[in-house]
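The values are calculated or read from the model by the stated rules, or taken from the named source; none is laboratory data. Owing to the predicted nature of the structure, the values given are computational and were not obtained by experimental measurement. Glycine also receives a Cβ, built like all others from the backbone with ideal geometry; neighbour counts cover every protein chain displayed.
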Amino acid sequence: MTEPIQTAPALQRVLSGMRPTGKLHLGNYRGALYNWIQLQHMYECYFFIADWHALTTDYADTSRVKENILDVALDWLGAGLDPELCTMFVQSWVPQHAELHLLFSMITPLGWLERVPSYKEQQENLVGKDLSTYGFLGYPLLQSADILIYQPDFVPVGQDQVAHVELTREVARRFNNFYPAEPLVLPEPQHLLTPSPKLPGTDGRKMSKSYGNTVLMSDPEPEIRQKLKTMVTDPARIRRSDPGNPDVCPVFDLHKIFSTPETQQKVREGCTTAGIGCIECKGWLADAVVAELAPIQERRRQYESKPYEVWQILDAGSAKARKRAEVTMQQVRDAMHLIQIKSPTRAQDFAAGKTQ
Ligand code: TRP
Ligand code: SF4
């Protein structure tokens, strides 16, 4: 009797990316990064900095791309993404993404891209930029290539990216239809709707770089306190003696994310009875935010002092990603009957009529 061989089940694969928009704010942190840090313990994870995607809107001045990549990588490492547990890389260092994007561009009807909701929305919102470019229309198709090239099971994204994952599944389906293989070359991934609370910024609108209402993960403590002190509150609470309503107050929305249940209870009671003032309430919030960010900022500083190590991490991650992406690309090229020169003798084989 031989024992059945026990092999560890292969981990399911996860892929996600972020555009390098500069230093990350609390919305980016809680909306995405915080989840990624949990996921790296559960899945085979690929996380990348989408520098080509940044060019779709910021093509005219590319002078800050490099600095922005480093800032994003520093925030990732500071927050606890661990290069031992996940593969962190830069999109443009894996040229296979561009090759797959090109092949997808051959099979994707224009209407599919024109229908993606973010296309018209962004064109209308980002005034002052000419977004009637080929690359901007292709934004979600490049994203489809980013995703499918790793043949992932899951793509953790916020609600705003679900339409892009849906398009990705349609592109995969169309590809598999035209170029069938067993097993399918491009399995359809699923989006993983991780908790991604919409954090309000200091003006009460959604925290966003374009609104100038952010608190950065790397802001020094006095700046965090100052920014939170100016945050808008329940507009009906005008005087200190007016009771307030935490359920309509953006400060309380942040308490719900960063403060303990005890502090939240203390705020609710103090606010509704006018027992506390808003300045005091915001001070407690700042305490919680500062405490959560302290170890993150400490780790960030360590990496800031040796940026070459950060570039090395991205370089090594990109090499791993290229290897994995190339595995898929060989299957893609084979399925599409594109000639691949895999070895020096390959050209001779071809000439001799050996096409496999
Ligand atoms: N479009 C994503 C964003 O703006 C970034 C992104 C690019 C991405 N490629 C991706 C996210 C692939 C997930 C998977 O946030
Ligand atoms: Fe908002 Fe706090 Fe002021 Fe109440 S006490 S209105 S929760 S800031």
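Below is a table of values for the structure above.
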read-out: Residues located in the stretch 179-196, provided they are outside any loop (DSSP other than H, G, I, E, B) and over 13 Å from the mean Cα position of the chain (by Cα); value: 190
read-out: Residue within the stretch 46-54 that is in a loop (DSSP other than H, G, I, E, B), at pLDDT 95 or above and buried (at least 17 other Cβ atoms within 10 Å of the Cβ) present; value: yes
read-out: Residue count, the stretch 90-115 (criterion: in contact with a Leu (Cβ under 6 Å, 6 or more places away or on another chain) and outside any helix (DSSP H, G or I)); value: 2
read-out: Filtered residue count, the stretch 253-282, keeping only those that are within 10 Å of ligand 2 (Cβ to nearest atom), of a type in the set (A, V, I, L, M, F, W, C) and surrounded by 16 or more Cβ atoms within 10 Å (Cβ to Cβ); value: 6
read-out: Single unsatisfied condition, residue 119 versus (1) part of a helix (DSSP H, G or I); (2) more than 11 Å from ligand 1 (Cβ to nearest atom); (3) more than 28 Å from residue 320 (Cβ to Cβ); (4) touching a residue at least 24 places away in the same chain (Cβ under 8 Å); value: (4)
read-out: Residue pairs meeting the criteria (Cβ under 7 Å; at least 6 apart or on separate chains; first without any contact (Cβ under 8 Å) to a residue 60 or more places away in the chain and of a type in the set (S, T, N, Q), in the stretch 178-195; second surrounded by 15 or more Cβ atoms within 10 Å (Cβ to Cβ) and in a strand (DSSP E or B)); value: 190/154
read-out: The stretch 262-287 residues that are small (Gly, Ala, Ser), paired with ones that are surrounded by fewer than 16 Cβ atoms within 10 Å (Cβ to Cβ) (beta carbon under 6 Å, 6 or more apart); value: 274/241; 274/243; 277/240
read-out: Whichever residue in the stretch 61-80 is touching a residue at least 24 places away in the same chain (Cβ under 8 Å) and assigned to a loop (DSSP other than H, G, I, E, B) and, among such residues, is nearest to ligand 2 (Cβ to nearest atom); value: 80
read-out: Qualifying residue in the stretch 192-214 (condition: within 11 Å of ligand 2 (Cβ to nearest atom), outside the structural domain of residue 158 (by TED's automatic domain parsing) and touching a Phe, Trp or Tyr at 6+ places or on another chain (Cβ under 6 Å)); value: no
read-out: Some residue of the stretch 281-292 being touching a Pro at 6+ places or on another chain (Cβ under 7 Å), in a helix (DSSP H, G or I) and not assigned by TED's automatic domain parsing to the domain that holds residue 174; value: no
read-out: Residue 17 being more than 16 Å from ligand 2 (Cβ to nearest atom), more than 23 Å from residue 135 (Cβ to Cβ) and not basic (Lys, Arg); value: no
read-out: Search result, residues across the stretch 131-171 that are hydroxyl-bearing (Ser, Thr, Tyr) and either free of Cβ contacts under 8 Å to residues at least 24 places away in the same chain or in a helix (DSSP H, G or I) (or both); value: 132, 134, 139, 144, 168
read-out: Qualifying positions in the stretch 285-308 - among the acidic types (Asp, Glu) and loosely packed, with under 13 Cβ neighbours inside 10 Å; value: 298
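Results for (1) surrounded by fewer than 19 Cβ atoms within 10 Å (Cβ to Cβ); (2) in contact with a Ser or Thr (Cβ under 9 Å, 6 or more places away or on another chain), shown as yes or no for each residue.
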| position | (1), (2) |
| --- | --- |
| 201 | no, yes |
| 223 | yes, no |
| 226 | yes, no |
| 233 | no, no |
| 243 | yes, yes |
